[in-house]
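These notes concern the structure reproduced below.
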Amino acid sequence: MRIEQHPILEFKRGRKVAFEFEGRTLYGYEGEPIAAALHDNGIKVYRYSLRHNRPRGFYCAIGRCSSCLMVVDGIPNVRTCITPLREGMKIRRQRGKEKLEL
């Protein structure tokens with residue numbers, strides 16, 4: 001699921017880190033967007049829409065839309081396409097607006 005080689009672009013990766021997605025331990029590279037790590041692990045649905053509860057996934061990849069909003073470390077509405085992955089993050093799908101977990 002990950003582009004390993006490209007004729008023009010160079011991919012510099014941080015160290016491999018573990019993070020939690022809905023109770024499962026997954027792995028990605030430190031500093032890469034959370035959405036990229038999820039995509040590489042086969043996760044395609046990031047949230048469910050407010051009105052019709054429809055699945056949403058990777059769309060614009062530049063932080064302009066709301067398709068990649070997820071709950072990260074208890075904070076809802078995190079744009080995972082532009083948020084860097086860190087060791088030990090706890091990530092889950094978002095349903096509707098969600099509320100801050102305290």
Complete set of residues in segment 78-93 that are in a loop (DSSP other than H, G, I, E, B) and among the aliphatic types (A, V, I, L, M): Ile82, Leu85, Met89
Answer residue from segment 32-55, given it is surrounded by 11 or more Cβ atoms within 10 Å (Cβ to Cβ) and either more than 12 Å from the chain's Cα centre (by Cα) or among the hydroxyl-bearing types (Ser, Thr, Tyr) (or both) and is farthest from Pro84 (Cα to Cα) among those: Leu50
Residues that are assigned to a loop (DSSP other than H, G, I, E, B) and buried (at least 19 other Cβ atoms within 10 Å of the Cβ), drawn from segment 59-77: Ser67, Cys68
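Can you report the number of residues in segment 1-28 which are modelled with pLDDT of 95 or more and under 17 Å from the mean Cα position of the chain (by Cα)?
From segment 1-28, those modelled with pLDDT of 95 or more are 15-28; that's our starting set.
Within this subset, residues satisfying the condition of being under 17 Å from the mean Cα position of the chain (by Cα) are 16-28.
Residues meeting the conditions: 13.
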Condition broken by Leu85, with the remaining ones in (1) among the aliphatic types (A, V, I, L, M); (2) touching a helix residue (DSSP H, G or I) at 6+ places or on another chain (Cβ under 7 Å); (3) more than 19 Å from Lys12 (Cα to Cα) satisfied: (3)
Among (1) in contact with a strand residue (DSSP E or B) (Cβ under 9 Å, 6 or more places away or on another chain); (2) closer than 15 Å to Arg2 by Cα; (3) of a type outside the set (Ser, Thr, Tyr) - the single one Lys97 does not satisfy: (2)
Residue pairs meeting the criteria (Cβ under 6 Å; at least 6 apart or on separate chains; first on the phi > 0 side of the Ramachandran plot, in segment 8-27; second assigned to a strand (DSSP E or B)): Glu22/Arg92
Contacts under 7 angstrom Cβ, first residue in segment 52-80 being over 17 Å from His39 (Cα atoms), partner in a strand (DSSP E or B) and not hydroxyl-bearing (Ser, Thr, Tyr), 6 or more apart: Asp73/Lys90; Pro76/Gln94; Asn77/Leu69
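The values are calculated or read from the model by the stated rules, or taken from the named source; none is laboratory data. As the structure is a computational prediction, the values presented were derived from the model and not from experiment. Neighbour counts are summed over all protein chains in view; Cβ atoms, including those assigned to glycine, are modelled from backbone coordinates with ideal geometry.
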